[in-house]
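> Dumping the structure here so I can ask a few things about it.
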Amino acid sequence: MKGVYSTDSPQETEDLGAEFSRGLYAGEIVGLSGDLGCGKTRFVKGIARGLGAKGCVKSPSFTIINIYEGGSIELYHIDLYRIGGADEFHCAGLEEFIYGKGISVIEWADKLPALLDECDWVVRFSHRGESKREIEIERRSGPR
């Protein structure tokens, strides 16, 4: 589902995430990048819905990771906004999730270029108006 998409509302961004989830496989890593408020968490909410995951999807900015179970595949929602660098990332022990059995979706993945290079998918979000977003989805590698 690679390409450039335009959404006109948060609901459309979430719906795009749900559609995107249909092409994901266990073990894949999805890196998200874009400014604050540009739809990253809303997109993840759609992915969770598409996978049938249970729970209320919210930004893990303070908890660093939220795990959503109950769907077809576990979803690891990781937020690197507060991570200071590679050392802090490694100390947090996030590798066990990123390279685990579920799907890892990482907000602010571009903060760690080495990790971004390992992503199977990269999704870039841009503001194009008050509620309009441009979302570029790039496939980096095939399913693991």
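> For segment 26-115, list the strands (runs of 3 or more DSSP E) that sit wholly inside it and hold at least 2 residues that are in contact (Cβ under 8 Å) with a residue 24 or more places away in the chain, crowded, with 20+ Cβ neighbours inside 10 Å and of a type outside the set (D, E, K, R); which are they?
29-33, 75-79, 103-107
> Can you name the residue in segment 116-144 that is without any contact (Cβ under 8 Å) to a residue 60 or more places away in the chain and closer than 27 Å to GLN11 by Cα and, of all such residues, is surrounded by the fewest Cβ atoms within 10 Å (Cβ to Cβ)?
GLU130
> Could you list, in sequence order, the residues of segment 1-11 that are farther than 17 Å from TRP121 by Cα and either assigned to a loop (DSSP other than H, G, I, E, B) or touching a strand residue (DSSP E or B) at 6+ places or on another chain (Cβ under 8 Å) (or both)?
SER6, THR7, ASP8, SER9
Conditions (1) modelled with pLDDT of 90 or more; (2) within 13 Å of ILE135 (Cβ to Cβ); (3) of a type in the set (Phe, Trp, Tyr), marked per residue:
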{"residue": "MET1", "(1), (2), (3)": "no, yes, no"}
{"residue": "ASP8", "(1), (2), (3)": "yes, yes, no"}
{"residue": "ASP15", "(1), (2), (3)": "yes, yes, no"}
{"residue": "GLU28", "(1), (2), (3)": "yes, no, no"}
{"residue": "CYS38", "(1), (2), (3)": "yes, yes, no"}
{"residue": "GLY46", "(1), (2), (3)": "yes, yes, no"}
{"residue": "LEU51", "(1), (2), (3)": "yes, no, no"}
{"residue": "VAL57", "(1), (2), (3)": "no, no, no"}
{"residue": "SER61", "(1), (2), (3)": "no, no, no"}
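The values are calculated or read from the model by the stated rules, or taken from the named source; none is laboratory data. Predicted, not measured: the structure shown is a model, and the values here were computed from it. Every residue, glycine among them, receives a Cβ derived from its backbone with ideal geometry; neighbour counts consider all protein chains shown.
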